[in-house]
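Undergrad: Here's a structure for you.
Laboratory data are not the source of any read-out in this text; all were calculated from the coordinates shown. These figures come from a predicted structure and were not determined experimentally. So basically every Cβ, Gly included, is an ideal-geometry build from the backbone, and we count neighbours across all protein chains shown.
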Amino acid sequence: MATAAVSSLLPLHSSRRTPPIAGALPSSLARRSFSLLPISSPFLSSPFTSPSFYPTSKRFSSPSSNFYVKAVAQEEKKKVLVVNTNSGGHAVIGFYFARQLLGSGHEVTVLTVGEESSDKMKKPPFTRFSELVSAGGRTVWGDPAEVGKIVGTATFDVVLDNNGKDLDAVKPVADWAKSAGVKQFLYISSAGIYKTGDEVPHVEGDPVKDDASHVFVEKYIADLSFSSWAIFRPQYMTGSGNNKDCEEWFFDRIVRNRPVPIPGSGMQLTNIAHVRDLSSMLSLAVEKPLAANGKIFNCVSDRAVTLDGMAKLCAKAAGRELKTVHYDPKALGIDSRKAFPFRIMHFYAEPRAAKEILGWTSTTNLPEDLKERFDEYVSIGRDKKQMQFDIDDKILESLKAMVTV
Amino acid sequence: MAKLVAVQQLQPCHHVPRVSPGSSLLHSSLSEFNGTALNISVQKKRKVWQPKGALQVKASSAKKILIMGGTRFIGVFLSRLLVKDGHQVTLFTRGKAPITQQLPGESDQEYAEFSSKILHLKGDRQDFEFVKTSLAAKGFDVVYDINGREGVEVEPILDALPKLEQFIYCSSAGVYLKSDLLPHFEADAVDPKSRHKGKLETERLLDSRGVNWTSLRPVYIYGPLNYNPVEEWFFHRLKAGRPIPIPNNGVQITQLGHVKDLARAFVMVLGNSKASKQVYNISGSKYVTFDGLARACAKAAGFPEPEIVHYNPKEFDFGKKKAFPFRDQHFFASIEKATRDLGWNPEFGLIDGLADSYNLDFGRGTYRKPADFSTDDMILGKSLVLQS
């Protein structure tokens, strides 16, 4: 369903209402369309498919309308280039996205920053890139600034930049994509650029920090006038193949019967999405470039969790007792960015645009997903690994000292 | 050929300058409708709804509507919308409060017109026999139950009106089971032990009786005439230039929904087949921290930024008094289902909604509960002691 966006959710670059795509599948079917329906299905290629999912207005059901022809082209196989970071929380996004696209029959090349022989490639998701290759994907390495040279004569319909945080990193990729005739440009930005205030959640269109480097990238991409461009702003993610610890931080302490030190009250909200949700959102944008064009999407699940809640869910997933201690990082002279994996103020965006414009739904189910994560955590032997908890110890010592004083 | 009626303003008391991005779409579509063969009888009013995003056309005939309650808060606004839409509206109340009151900002003419049309059925809804006989005698097409608390209160209504087209219930988001995963969605677990379990029982009863029901779950309702000290609590303190005592750290997140938006939602589910046997969370589009709400009230009412004092409620015994009007936890619900399925959207943001409440009610010196700063003084007294 491609109903027009509520005006309050339109980003800076407000788009015209896009008519629903004739031949577009209802959202529940669309998500599964790639694996179930062959591209040559008569249903997809017929210009006169059932009007059951059109809005009631007569405007779109006139047979003389010529956008049917454009719309049919939507469902063909695409050539996608993913420019992927070689480290950090976002690295896993490109891996899932590539896998999903390959599963749907698209052609995918993943250009990872740096060298194939680098130590960074010894961590997931890179350790699983063979999965991409077996599925027919191409994996290459290099400097994104040289992307044209690296891909050579290969042409692409869609480019996802899942790498750059600033113009220096993204501009060469975006410029090349524009000159190479790439039709759709997607960019992984960050929900961290939203200005914080008393009201939550961050909703697409809300003001962003003027000096955030991602903001300049977003504006630059918008101004390049690709046939379709879209921005995705994620928060945190979990999922097999992740490059940066998320729930592991909690598991490390829980399995060792250590108290989990949480900065602040523990009531702060955050969002942890399963990376498959981010991948499905990106895939829908590829499926629906007209609907996605010019839009900003908060790339998050549709539930927030409190920091205390996350600790509880992790303990439950691990089947262990939970001990938490709360502390004031400022009072103890602790840098919470080093001491804790998440932002310690409310950090909470909602995926309203994706739901409304792409018909996307969230499948993240933290209680269940964390169980799977814990199973993997144990299967790789991390629960037995020797670990130091220097900062934790410092926190606990300071708290003890405070009590005795 | 059907006669078309232009879009109607649905807010009698507050005129929000409406951006209507779809209006040009509307006009071209209207001209197309003239040629279509739609069976609309002359008596029916054809309304072109303009929910943001979706163009829907609904034919809604005038109905005989009963509102249980309707003289205090939600019903005051709802009844006006329904009367303006041409329905015959009866309020069932004990008559303790005046059946009608002129709203601030409401013109004499508008008020006169409303008062002349609204009907009253005097009775005590706890007198189930009377409810059953009086309703059966009158017969109603639709019942809005705004003040029902328990399932038993609804039974006589259903018994009296076997041909009832729709039973629209004002439930509460208070039925949701407390969770670390938020916001609450309609399908979430509910708490059979909550203070609002009567609302839950009522929803279940409605479903079990096979009647066409719709239930709306508001969070905290605010707006002019609010008798629950939600915004009033803050306004009293701001006006008195007092600090605002907020329990714990003030980052607890809550959600306010303007009564006029709620009233509009109640109207939008009327005769709406999509709403059949559905529950909808109805509240504001965004949520706010306790501290943030204090600041928002100040901003809305033109007060300087307030001094906020945090305290540990466990250190005090307030007796039966409530030191703070909100439950001390995160509490908010997603309105996505209503926006998606009904095309409803709140028109008030937090600041302009609070300003509406202040300008039309509390800022004029009217209030329901007089200011009581006794718990504040306990808190502030202790804080002062700690400081010295």
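Undergrad: Give the number of residues within the stretch B:158-195 that are free of Cβ contacts under 8 Å to residues at least 24 places away in the same chain, in contact with a Phe, Trp or Tyr (Cβ under 9 Å, 6 or more places away or on another chain), surrounded by 16 or more Cβ atoms within 10 Å (Cβ to Cβ) and within 14 Å of another protein chain (Cβ to nearest Cβ).
TA: Number of matching residues: 1.
Undergrad: So which of A:ASP383, A:ASP369 is under 19 Å from the mean Cα position of the chain (by Cα), part of a helix (DSSP H, G or I) and either at negative phi or within 14 Å of another protein chain (Cβ to nearest Cβ) (or both)?
TA: A:ASP369
Undergrad: Follow-up. I need a count of the residues in the stretch A:173-210 that are in a loop (DSSP other than H, G, I, E, B) and either within 13 Å of chain B (Cβ to nearest Cβ) or not polar (S, T, N, Q) (or both).
TA: Number satisfying all stated conditions: 16.
Undergrad: Given the criterion away from chain A (no Cβ under 14 Å) and without any contact (Cβ under 8 Å) to a residue 24 or more places away in the chain, identify the matching residue among B:PHE130, B:PHE140.
TA: Exactly one of B:PHE130, B:PHE140 is away from chain A (no Cβ under 14 Å) and without any contact (Cβ under 8 Å) to a residue 24 or more places away in the chain, namely B:PHE130.
Undergrad: Scan (1) more than 27 Å from A:PHE374 (Cβ to Cβ); (2) touching a Pro at 6+ places or on another chain (Cβ under 6 Å) for the single condition A:PRO289 breaks and write down its number.
TA: Among (1) more than 27 Å from A:PHE374 (Cβ to Cβ); (2) touching a Pro at 6+ places or on another chain (Cβ under 6 Å), A:PRO289 violates only (2).
Undergrad: Kindly state which helices (runs of 4 or more DSSP H) lie completely within the stretch A:273-357 and contain at least 2 residues that are of a type in the set (Lys, Arg) and either within 12 Å of another protein chain (Cβ to nearest Cβ) or over 17 Å from the mean Cα position of the chain (by Cα) (or both).
TA: A:307-318, A:336-339
Undergrad: Got a sec? Which of A:ALA285, A:ALA222 is out of contact with any Gly (no Cβ under 6 Å at 6 or more places or on another chain), surrounded by fewer than 21 Cβ atoms within 10 Å (Cβ to Cβ) and in contact (Cβ under 8 Å) with a residue 60 or more places away in the chain?
TA: Sole residue among the options that is out of contact with any Gly (no Cβ under 6 Å at 6 or more places or on another chain), surrounded by fewer than 21 Cβ atoms within 10 Å (Cβ to Cβ) and in contact (Cβ under 8 Å) with a residue 60 or more places away in the chain: A:ALA222.
Results for (1) closer than 30 Å to A:GLN268 by Cβ; (2) of a type in the set (Val, Ile, Thr); (3) in contact with a Pro (Cβ under 7 Å, 6 or more places away or on another chain); (4) within 14 Å of chain A (Cβ to nearest Cβ), shown as yes or no for each residue.
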site	(1), (2), (3), (4)
B:ILE246	yes, yes, no, yes
B:HIS258	yes, no, yes, no
B:ASP261	yes, no, yes, yes
B:ARG264	no, no, no, no
B:VAL288	yes, yes, no, yes
B:ALA294	yes, no, yes, yes
B:PRO313	yes, no, yes, yes
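One line per residue, one yes/no per condition, for (1) more than 14 Å from chain A (Cβ to nearest Cβ); (2) not acidic (Asp, Glu):
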{"residue": "B:VAL269", "(1), (2)": "yes, yes"}
{"residue": "B:GLY284", "(1), (2)": "no, yes"}
{"residue": "B:HIS310", "(1), (2)": "no, yes"}
{"residue": "B:PHE318", "(1), (2)": "yes, yes"}
{"residue": "B:LYS322", "(1), (2)": "yes, yes"}
{"residue": "B:ASP328", "(1), (2)": "no, no"}
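Undergrad: Among A:GLU131, A:GLU199, A:GLU146, A:GLU116, which is touching a Lys or Arg at 6+ places or on another chain (Cβ under 6 Å), free of Cβ contacts under 8 Å to residues at least 40 places away in the same chain and at negative phi?
TA: Of A:GLU131, A:GLU199, A:GLU146, A:GLU116, the one residue that is touching a Lys or Arg at 6+ places or on another chain (Cβ under 6 Å), free of Cβ contacts under 8 Å to residues at least 40 places away in the same chain and at negative phi is A:GLU199.
Undergrad: Which residue is farthest from the chain's Cα centre (by Cα), if the candidates are limited to the stretch B:348-361 and must be facing another protein chain (nearest Cβ under 10 Å) and not small (Gly, Ala, Ser)?
TA: It comes out as B:ILE351.
Undergrad: What number of residues within the stretch B:85-133 satisfy the criterion of being part of a loop (DSSP other than H, G, I, E, B) and among the acidic types (Asp, Glu)?
TA: Here the count works out to 4.
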